[in-house]
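The values are calculated or read from the model by the stated rules, or taken from the named source; none is laboratory data. As the structure is a prediction and not an experimental result, all values here were calculated from the model. Cβ sites come from the backbone with ideal geometry, for glycine too, and all protein chains shown count toward neighbours. The area values use the complete protein model at the heavy-atom level, side chains included, leaving out ligands, DNA and RNA. Shrake-Rupley method; radii C 1.70, N 1.55, O 1.52, S 1.80 Å.
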Amino acid sequence: MARELPRPAKEVDLHTDSFLQNHADFDADELLAESIDLLRESLDAAIYWAYAEIRFIHGKGKGVLRKAVYEELAYYKRQGAISNYHPSYHNEDIVVVIIGL
């Protein structure tokens, strides 16, 4: 039986305080890993559901999350899983991922 992924939101906030109840119990590296896991799950589901695009909110801060997000997206692009990605024209704290051509 094929596994069906749940439909992701069209815009996903990667800040752990938006999706973890006990984010204070994690250290910085664990929080970053949780955010990247959410990115992967959401992006994989968006690809599965043939979304044209999905947006991820990484914010400003020190740029650690943004850097990790862009590194992960570069991997997806090299693998041919996504077409492209770029900062949102309206808000640089958001990256727009173009899935289809």
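Restricting the range 82-99 to residues that are closer than 12 Å to residue 66 by Cα and of a type in the set (Val, Ile, Thr), which is surrounded by the most Cβ atoms within 10 Å (Cβ to Cβ)? Here the answer is 95. A count restricted to the range 4-36 and to residues that are under 18 Å from residue 55 (Cβ atoms) and among the acidic types (Asp, Glu) stands at 2. Checking each residue in the range 8-28 for being at pLDDT 95 or above and open to solvent by 70 Å² or more (accessible area, probe 1.4 Å) picks out 10, 11. Remark: pairs (first residue in the range 80-101, of a type in the set (Ser, Thr, Tyr); second residue in a loop (DSSP other than H, G, I, E, B); Cβ separation under 9 Å; 6+ apart in sequence or on different chains) = 83/99; 83/100; 83/101. Within the range 18-39, residues that are of a type in the set (Val, Ile, Thr) reach partners that are open to solvent by less than 80 Å² (accessible area, probe 1.4 Å) and not in a helix (DSSP H, G or I) with beta carbons closer than 9 Å, at six or more positions or on different chains, in the pairs 36/14. Filtering the range 35-57 for residues that are among the polar types (S, T, N, Q) and within 10 Å of the chain's Cα centre (by Cα) leaves a non-empty set.
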